[in-house]
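Notes follow once the structure below has been shown.
The values are calculated or read from the model by the stated rules, or taken from the named source; none is laboratory data. Just so you know, these numbers come straight off a predicted model, no measurement behind them. As a convention, Cβ positions derive from the backbone with ideal geometry for all residues, glycine included, and neighbour counts pool all protein chains shown.
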Amino acid sequence: MKKICLQEIQVSNMMDALVGNLLPKENPNPYVDKEEVLSLLRCSSGTLQKLRDEDKIEFHSITSKLIIYNYSSIVQFIKSKSNLI
């Protein structure tokens, strides 16, 4: 097995490219529904509820059962989590 040595900047550039490919593409609609958010975040309904409870993503309750989410808030949340690496 070969060992490869990379400089920190190289690793950072590779991670930026990888995260850029994983981020959702531009959405013309500023709001998305629960199913789309679950797909974008690849999370469960329980995790989505926790994110709402902790005010980590923006949302609006239209009715007691209909909640819409701010698309740019979802993208911003994904970007913030990608900086942990």
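Summary table below
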quantity: Residue satisfying all of: in the stretch 32-56; buried (at least 17 other Cβ atoms within 10 Å of the Cβ) and among the β-branched types (Val, Ile, Thr); nearest to ILE78 (Cα to Cα) among these; calculated: VAL37
quantity: Residues of the stretch 59-85 classified as outside any helix (DSSP H, G or I) and farther than 11 Å from VAL32 by Cβ, total; calculated: 10
quantity: Positions within the stretch 1-38 being farther than 23 Å from SER61 by Cβ, β-branched (Val, Ile, Thr) and at pLDDT 70 or above, in sequence order; calculated: ILE4, ILE9
quantity: The stretch 46-63 residues that are in contact (Cβ under 8 Å) with a residue 24 or more places away in the chain, paired with ones that are of a type in the set (Ser, Thr, Tyr) and surrounded by 12 or more Cβ atoms within 10 Å (Cβ to Cβ) (beta carbon under 9 Å, 6 or more apart); calculated: HIS60/TYR31; HIS60/TYR69
